[in-house]
1. Quick one: which residues, 5+ away or cross-chain, put their amide H under 5 Å from the amide H of A:Ser41? H built at 1.01 Å from N.
2. Quick one: what are the phi-derived ³J(HN,Hα) couplings along the stretch A:41-51, Karplus 6.51/-1.76/1.60 with θ = phi - 60°, whole Hz, x for glycine and proline?
3. Taking R0 as 56 Å, what FRET efficiency do you get between B:His53 and A:Asn58 from their Cβ-Cβ distance, rounded to the nearest 0.05?
4. What FRET efficiency would be calculated for the residue pair A:Ala147, B:Phe25, taking the C-beta separation as r and a Förster radius of 56 Å, to the nearest 0.05?
5. Within 10 Å of each residue's Cβ, count the other Cβ atoms and sort B:Ile158, B:Ile12, A:Ile98 from fewest upward.
Amino acid sequence: MKRRWLPVAGALAAVITVAGAGAAQAANSPGSVTSSATVGSTITLTLSAASVNFGTVNAGDADDPGSALSATVTTNDGHGFILAASPADMTGNGPDVIPLTNMSVMTADYAPQTWPAESTGYQPVDAKTAGGTYNLFQSWQLSVPGATPADYYTGVISYLATAS
Amino acid sequence: MPSPVSLTVPAIVDVGMHGHSRVTFDLAVTDHGTAPLRLAVSTAELGRAALAHPVPVTWHVSVTPAHLTVHPGRTREVRVTVSGATGTGVHVLNVVFTARPHVRHGGSTDDLSAAVASKVTFSESGRVTAFAAAPPVTRYYPWWSGPVAGVVAVAAVIVAWRLFRRRHPRRMPAHRG
């Protein structure tokens, strides 16, 4: 009678042992998993001022300097970026304009840049081939045609930063 | 000195078409400046990649909203929807966020307009993510976790049971009758 329980007890013990061994193995063996994450690339353009001011200029002046401007570009994209600019004609209250061809910009890395007449597109003014933060000084100059009437003239200079 | 104009957008976005003719994705734009930015959002082909691999003219690309205002420190999203996409290959498009100046200044000034463009690449599979190879796994089995331990445990239980029964014999039930 008592021997009848021996196989049952043995089997039960074996099951408990094997289950315990499996649990211990799962808890204690030094395994590893693969971790992954995607860091999105971003690009930031920061202008140090809201405008470039040429101050009071005289008709016939050549290369009047504008106020200081820095364009700071920050990107974590390893291919870098292109910074481009596009000025527009400066208009006053009357019909006369100071054409965009009279404006130029000079940067530390690029030769003085001018734009063709009636230009509506961007032209590169600086570029980098690696990610990081770059403070790019922009030196704008304005030449005033000799017959320009006295007036307040304003225009828009557009800056564009994009990944290379 | 904090700048009034500073905006951040995704630099590069890879979109997988996976055989679909329509795909939608969102782009976030953040105003890191000190003034609210009135943004106009448009698409263009800027740079060599977009000019060399433009989106086919049969594709319809729309951006919603096309005009929005983002306040300092805030982020908003625009939704780009591409429909009518057919064929395979890689195509590149720029989504341009242009901040218009709020005020005009008198006296021979040029107001500045800042624009930042996201470079969006469309391909069949999208970005191929390279996973780092996992280090080789070294399994550790303690002696008591193997089959030998199971046999030892069973034997121990049997011996214990027999010893217990030897010390505490069961009484046979009395026969009635």
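The numbers here are math on the coordinates, done by the rules we state, and not lab data. What you are looking at is a predicted structure, and each value in this text was computed from that prediction instead of being measured. As a convention, Cβ positions derive from the backbone with ideal geometry for all residues, glycine included, and neighbour counts pool all protein chains shown.
1. Hits under the 5 Å cutoff: B:Ala11, B:Ile12.
2. 8, 10, 9, 10, 10, 10, 9, 6, 8, 8, 7
3. E(calc), rounded to 0.05, equals 0.70.
4. Result of the calculation: an efficiency of 0.60.
5. Exposure proxy ranking, most exposed first: B:Ile158, B:Ile12, A:Ile98.
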